[in-house]
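First, the structure itself, so that you have it in front of you.
The values are calculated or read from the model by the stated rules, or taken from the named source; none is laboratory data. A quick note: this is a predicted structure, and the numbers were derived from the prediction, not measured. Cβ coordinates were reconstructed from backbone atoms using ideal geometry, including for glycine residues, and neighbour counts include every protein chain displayed.
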Amino acid sequence: HIQGTRWNKNVITYSIARYTRDLPRNTVDSLVQSAFSVWARASSLTFVRSRSRNADIVVEFVTAAHGDLYPFDGPRGTLAHAFGPGLGVGGDTHFDDDEHWTAGETGFNLFVVAAHEFGHALGLKHSRNPKSLMYPTYKPSRSANLLSREDVANINALY
Ligand SMILES: COc1ccc(S(=O)(=O)[C@H](CC(=O)O)C(F)F)cc1
Ligand SMILES: [Zn+2]
Ligand SMILES: [Zn+2]
């Protein structure tokens, strides 16, 4: 992915351009907002929702080939991806809508996956610590405090 190192501002805008039919829109809105607030609480970053596709981070649910070089793969496998910080596609976060997105323990939990992806959208790489949110494999049962000490240290080393 096009990896910038970091955003050069502390107020980062996001918009939700396309939704999944797995969940009500306002549920998607609140899970996305909660996933951003995980990072906001651990850092000096602020996330502001905008209605424009010119937001820094454009969030959308898409399937298969969807206009970038990283087509999704149907159910399971890749769940989502995010571009690192930068102009244009930088920061944009795509969720594979061939997955079953949920707010609970079944399917794939949108809050957990989004929080991980937004880590990438902020410039974080994967962690080798299984306790970290930035560990590369999905685990449904995560406690409320999603971030490990390592995640908090890494976001604060960057911003
Ligand atoms: C905990 O959050 C995630 C774990 C694993 C994934 S993933 O299996 O889609 C991963 C993509 C990623 O690490 O962002 C894989 F390489 F495709 C996404 C979110
Ligand atoms: Zn994509
Ligand atoms: Zn990842």
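The rows are residues; the columns are (1) of a type in the set (Lys, Arg); (2) out of contact with any helix residue (DSSP H, G or I) (no Cβ under 8 Å at 6 or more places or on another chain); (3) under 20 Å from residue 158 (Cα atoms); (4) within 16 Å of ligand 3 (Cβ to nearest atom).
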site	(1), (2), (3), (4)
10	no, yes, yes, no
39	no, no, yes, yes
59	no, no, no, yes
69	no, yes, no, no
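Would you check which residues across region 81-111 are out of contact with any helix residue (DSSP H, G or I) (no Cβ under 9 Å at 6 or more places or on another chain) and within 27 Å of residue 7 (Cβ to Cβ) and list them?
The answer is 86, 87, 88, 89, 96, 97, 108.
Going through region 26-63 one residue at a time, which ones are of a type in the set (Ser, Thr, Tyr), at pLDDT 95 or above and more than 12 Å from the chain's Cα centre (by Cα)?
27, 30, 43, 44, 46, 50, 63, listed by residue number.
Looking at 91, 119, can you tell me which residue is in contact with an Asp or Glu (Cβ under 6 Å, 6 or more places away or on another chain) and either farther than 13 Å from residue 39 by Cα or within 15 Å of ligand 3 (Cβ to nearest atom) (or both)?
That would be 91, the only listed residue that is in contact with an Asp or Glu (Cβ under 6 Å, 6 or more places away or on another chain) and either farther than 13 Å from residue 39 by Cα or within 15 Å of ligand 3 (Cβ to nearest atom) (or both).
Among the residues in region 144-152, are any outside any strand (DSSP E or B), within 15 Å of the chain's Cα centre (by Cα), acidic (Asp, Glu) and within 13 Å of ligand 3 (Cβ to nearest atom)?
yes
Right, another one. Check 81, 116, 94, 66 and return the single one that is modelled with pLDDT of 95 or more, assigned to a loop (DSSP other than H, G, I, E, B) and either within 11 Å of ligand 1 (Cβ to nearest atom) or surrounded by 15 or more Cβ atoms within 10 Å (Cβ to Cβ) (or both).
The unique qualifying residue is 66.
Give region 11-51 a look and list any residue that's in a loop (DSSP other than H, G, I, E, B) and of a type outside the set (Phe, Trp, Tyr), or say none.
20, 21, 22, 23, 24, 43, 44, 45, 50, 51
Now for a separate question. So is residue 106 at negative phi, surrounded by fewer than 17 Cβ atoms within 10 Å (Cβ to Cβ), more than 13 Å from the chain's Cα centre (by Cα) and within 12 Å of ligand 3 (Cβ to nearest atom) or not?
Spelling it out, it is not the case that residue 106 is at negative phi, surrounded by fewer than 17 Cβ atoms within 10 Å (Cβ to Cβ), more than 13 Å from the chain's Cα centre (by Cα) and within 12 Å of ligand 3 (Cβ to nearest atom).
Okay, next question. If I filter region 1-45 down to residues being touching a Gly at 6+ places or on another chain (Cβ under 8 Å) and among the charged types (D, E, K, R), which single residue comes out as surrounded by the fewest Cβ atoms within 10 Å (Cβ to Cβ)?
Out of the qualifying residues, it is 6.
I want to confirm something. Restricting to region 73-83 and keeping residues that are out of contact with any Ser or Thr (no Cβ under 6 Å at 6 or more places or on another chain) and within 13 Å of ligand 2 (Cβ to nearest atom), which single residue is farthest from residue 116 (Cα to Cα)?
Top of the filtered list is 73.
With respect to the numbered conditions (1) away from ligand 3 (no atom under 15 Å from the Cβ); (2) more than 20 Å from residue 158 (Cα to Cα); (3) not acidic (Asp, Glu), which one is the sole condition not fulfilled by residue 46?
Going through (1) away from ligand 3 (no atom under 15 Å from the Cβ); (2) more than 20 Å from residue 158 (Cα to Cα); (3) not acidic (Asp, Glu) one by one, residue 46 breaks only (2).
Of everything in region 1-58, what is aromatic (Phe, Trp, Tyr) and more than 19 Å from residue 102 (Cα to Cα)? Give them in sequence order.
Passing the criteria: 7, 14, 39, 47.
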